[in-house]
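Structure first, then comments.
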Amino acid sequence: MPFLRLDKLINLYDGYRKTLKIDSFEVLLMQEDGEVFVVQSRCPHREYPLERGVISNGVITCPWHNMAFDLKTGNHRGGVCDRLRIYEPVFQDNLVGIVVET
Ligand code: FES
């Protein structure tokens, strides 16, 4: 399982958001309150870019229709929308990335 580099740790700060294309999919790397999150880049509801989402108390809310997703589980808070895909951030030397199955 290869490590896919997303960014250098030195570049991260609270409020950081960056959408990155990896092969055939995109992920969104974010930092909020010192915590790093990696999720699918588009909302599972209607694919709005979550880079514009609002994070509060471990939940990201999509600004288009206000669907809210738990950043640990990916579950929709109301249970009516598909799950948000969550990736475990992996820290290696001075980098943050993800490990994906091939
Ligand atoms: S597209 Fe995100 S809530 Fe509808």
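Just so you know, all these numbers are worked out from the coordinates, no wet-lab data involved. Please read all numbers here as calculations on a predicted model, not as lab measurements. When we count neighbours, we look across all protein chains shown, and the Cβ atoms used for this are built from the backbone with ideal geometry, even at glycine.
Within the stretch 21-38, can one find any residue that is within 16 Å of the ligand (Cβ to nearest atom) and either more than 13 Å from the chain's Cα centre (by Cα) or among the β-branched types (Val, Ile, Thr) (or both)? It would help to see each step written out before you state the result.
At the first step, the residues of the stretch 21-38 found to be within 16 Å of the ligand (Cβ to nearest atom) are 26, 28, 30.
Checking which are either more than 13 Å from the chain's Cα centre (by Cα) or among the β-branched types (Val, Ile, Thr) (or both) leaves us with none.
Scanning the stretch 21-38, I find no residue that is within 16 Å of the ligand (Cβ to nearest atom) and either more than 13 Å from the chain's Cα centre (by Cα) or among the β-branched types (Val, Ile, Thr) (or both), so the answer is no.
Kindly indicate whether SER41 is without any contact (Cβ under 8 Å) to a residue 24 or more places away in the chain, small (Gly, Ala, Ser) and away from the ligand (no atom under 14 Å from the Cβ). Let's see the steps before the verdict.
On the way: without any contact (Cβ under 8 Å) to a residue 24 or more places away in the chain: yes; small (Gly, Ala, Ser): yes; away from the ligand (no atom under 14 Å from the Cβ): no.
Considered against the rule, which asks whether it is without any contact (Cβ under 8 Å) to a residue 24 or more places away in the chain, small (Gly, Ala, Ser) and away from the ligand (no atom under 14 Å from the Cβ), SER41 comes out as no.
Is it fair to say GLU35 is acidic (Asp, Glu) and within 18 Å of MET1 (Cα to Cα)? Spell out the reasoning first.
Values: acidic (Asp, Glu): yes; within 18 Å of MET1 (Cα to Cα): no.
It is false that GLU35 is acidic (Asp, Glu) and within 18 Å of MET1 (Cα to Cα).
Residues being surrounded by 15 or more Cβ atoms within 10 Å (Cβ to Cβ) and within 12 Å of the ligand (Cβ to nearest atom): count how many of those fall in the stretch 65-99.
Of the residues in that region, 6 qualify.
Would you pick out the residues in the stretch 44-56 that are within 13 Å of the ligand (Cβ to nearest atom) and in contact with a strand residue (DSSP E or B) (Cβ under 9 Å, 6 or more places away or on another chain)?
Filtering the stretch 44-56 down to residues within 13 Å of the ligand (Cβ to nearest atom) leaves 44-54.
Answer for the stretch 44-56, where residues must be within 13 Å of the ligand (Cβ to nearest atom) and in contact with a strand residue (DSSP E or B) (Cβ under 9 Å, 6 or more places away or on another chain): PRO44, HIS45, TYR48, PRO49, LEU50, GLU51, ARG52, GLY53, VAL54.
Hey, VAL59 hits all of (1) closer than 16 Å to MET30 by Cα; (2) within 11 Å of the ligand (Cβ to nearest atom) but one; which does it fall short on?
Single failed check for VAL59: (2).
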